[in-house]
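Heads up, the thing below is written out as structure tokens.
Every read-out reported here was derived from the displayed coordinates using simple, explicitly stated rules and does not represent laboratory data. Predicted model, so just to flag it, every value in this text is computed and none were measured. Cβ placement follows ideal geometry from the backbone for every residue including glycine, while neighbour counts extend to all protein chains displayed.
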There are 2 protein chains.
Amino acid sequence: MSFQRPHIEAMQGYVPGEQPQTTSVIKLNTNENPYPPSPLVQAALSQVDIATLRRYPPPTAKEFREVAATLHQVAPENIIPTNGGDELLRLVMTTFVGSEDIIAVTKPSYSLYPVLAEVQNTSLAEIELNDDWSMPDDFAQQLNTLGAKLAIVVNPHAPTGSFLSTEYLSALAAEFKGVLLIDEAYVDFIDPDKHYDSSPLINKHDNIILLRTLSKGYSLAGLRFGYGIGPESLISPMMFKTRDSYNTDLIAQKLATAALQSVAYAAETWDKVRASRATLTAQLEKLGLHTHPSQTNFLLCDIPENLGALALYEALKAQNILVRYFDQDRLRHRLRISVGTESENAALVDTLAALVSEAE
Amino acid sequence: MSFQRPHIEAMQGYVPGEQPQTTSVIKLNTNENPYPPSPLVQAALSQVDIATLRRYPPPTAKEFREVAATLHQVAPENIIPTNGGDELLRLVMTTFVGSEDIIAVTKPSYSLYPVLAEVQNTSLAEIELNDDWSMPDDFAQQLNTLGAKLAIVVNPHAPTGSFLSTEYLSALAAEFKGVLLIDEAYVDFIDPDKHYDSSPLINKHDNIILLRTLSKGYSLAGLRFGYGIGPESLISPMMFKTRDSYNTDLIAQKLATAALQSVAYAAETWDKVRASRATLTAQLEKLGLHTHPSQTNFLLCDIPENLGALALYEALKAQNILVRYFDQDRLRHRLRISVGTESENAALVDTLAALVSEAE
């Protein structure tokens, strides 16, 4: 006999991207920032006195909240620090969505959402993106017709790289009757000329939560640190009711704070990634590999039939280059490729060029 | 209008013990180990290269699982590493208990359990301990009559310090029809002559999960690291379905592994705490402050009416000594006092002696 709840017994778990613990692999499969974290993070680490670990950490991560609030020009009460962005996703579901309710996402989208909805035993409605990956015109109406309690929109979008403007999101929040969670995991890689600035939206709308993570922009995927930005009415119940009481540890708090304090360093890495993204896009195009315009640190790349996406993924892996293949509708003939360092990208392009010419 | 689920809207959050971020307070309120973590933990910290934080951590904390498995003479598949013991409590509820089910705990018990049950929207049955804090004879029958899906037993018990033998727990697991979670947060402070050894129980019973934490025994409350030990049938669904996919970070994994690898160092601190516990018990008794026999690193102390528990808590706080007062039935005339260093205990006893003689 099983002690598991029936819906847990029936479900499959999330399968994360491969995480080989070796440095010999060119790892372009889970969208890490290719550059190391800020030297200030190293300095913060060096200053950790392990004797201080004897005590519980600051329960509300006060210093981090203040630094994040300053960065986003909001109040500390508008910030909830979390154990990675994933924890915020779970907390939003736990706090605002019951098992009788509906969560709506776009299709395709981040493959963790359906798993979290299953854990929560909640129905998930998937709304198809248009052929060009843009949002359906009647997206807000569809959400309201469904009676969705929560909608999760990724911006810029994973796994396509598409971008929605601040104005679009503001109009969506105004029309949608539920909680709108905007997953901004890749926000730091948006071109500055897009003038994207979502933080002020949380003072205009009572139903918006922004998800931020230090995993990508700040090169700290290994640290597990994210945060939510939202009106206090949405942040406070997660902060003081549904969150595990000490959800972030002392070292992570200190390093995350140092990372935000050295945002200028991180911004230089974002510039480099954007420049490499443009170069890589052009190089792939030259090889006949079309990519969708991306505002993230990855490219969703169409793979011609003679190569085959799965076969190409495997051929690259055989040469120690990892990219991401999704066995999903509309993605089976594509690969998602993280933008690496210039030398990683060059190695990728060389390898792809050889594989393309072999297949001809 | 509120977007919160009705039962979340209605609930109060958990109120953790006070965590002043200063060293001028004698902090005997949240049961930290009074001694610093092992030098091996410091060494592990010094070896962290922040460049490695760029990538995601090992998703299953493989190395930690192996080291913990060796320590407990079980298989790595019997171990789930968690972001503090609190995360394990939540995962057990999420995985094994539905909102229509019942969780049973003893009364009194760890004050977080009712809060977690409320978040989960699950009924909580509280079974009164006997006058001497021992378990009711018919505890297992009561659990089965209730139809409890999950029972949480703290051993040694918080906030009383009481102890249950391995044999008692084995018999309980055999009789109880649901999942038995044994919260062993304070297990390291049990006297060796009790010969407590619960790990083998997970191979005898399919319904036992042991909760361990590095917060107390290993002086790492600030690190947020705990783990569960159980049969693979119970561990696996939490590990691969309901857990956040990267629930423990790279630094915490490395430091936690180092802590378990230097268990001999930690064991010396346990010896010191046990010796201090005996001394402090005798000193409090001399002051007319009776304590219940404790197998933990704290004492539950009866406070005479002329002093008053709340008044004494406040008088101690005014002199920079923090202890724990619980505004709960059967606890309102008691204080829970963590065993500190010899000098902290001496300061406490001196201050108490003065307050006791003032009240006479």
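Below is a table of values for the structure above.
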item	result
Packing-based exposure ordering (other Cβ within 10 Å, fewest first) of B:Leu280, A:Leu284, B:Leu355	B:Leu355, A:Leu284, B:Leu280
Residue-averaged [θ]222 nm for the protein assembly as shown, counting only DSSP H segments that reach four residues, each worth -39500 (n - 2.57)	-11500 deg cm²/dmol
Within the protein assembly as shown: Cβ-based charge dipole about Cα centre, in debye rounded to nearest 20 (Lys, Arg +1; Asp, Glu -1)	740
Inter-copy label distances at B:Ala354 (7 Å, Cα→Cβ; nm, one decimal)	7.9
FRET efficiency, 1/(1 + (r/R0)^6) with R0 25 Å, evaluated for A:Ala311 and A:Asp132 via beta carbons	0.45
Cut-off under 5 Å, modelled amide H: who pairs with B:Lys107 long-range	B:Ile127, B:Glu128, B:Leu129
Highest-first arrangement of A:28-38, B:220-230, B:173-183, where packing means the average Cβ count within 10 Å	B:220-230, A:28-38, B:173-183
For B:His290, distant residues with modelled amide H under 5 Å away	B:Asp302
Inter-part distance where segment A:12-79 and segment B:117-165 are each reduced to a Cα centre, Å	38
Rh (Kirkwood; distinct C-alpha pairs) - segment A:303-342, Å	10.5
At q = 0.09, 0.11 Å⁻¹, base-10 log of I(q)/I(0) for the protein assembly as shown (Debye sum, equal scatterers on each alpha carbon)	-0.82, -1.18
Kyte-Doolittle at least 0.0, axis length at least 18 Å by Cα - qualifying DSSP helices, chain B	B:342-359
Other copies of B:Lys286: label-to-label distances in nm, shortest first, labels 7 Å along the beta-carbon direction	8.5
Average beta-carbon neighbours from other chains, 10 Å sphere, peptide A:236-243	5
Other protein chain Cβ atoms within 10 Å, averaged over every residue that makes up B:54-63	6
Where only alpha carbons of segment B:39-261 are counted, the Rg and the Dmax (Å)	17.4, 57
Among beta bridges that DSSP assigns inside chain A, antiparallel share in %, nearest 5	45
Shielding of B:10-23 by partner chains, average beta-carbon count, 10 Å	4
Order by protection proxy (mean Cβ within 10 Å, highest first), peptides B:104-112, B:345-353, A:9-17	B:104-112, B:345-353, A:9-17
Residues B:Glu118, B:Glu360, sorted so that the one with the fewest Cβ neighbours within 10 Å comes first	B:Glu360, B:Glu118
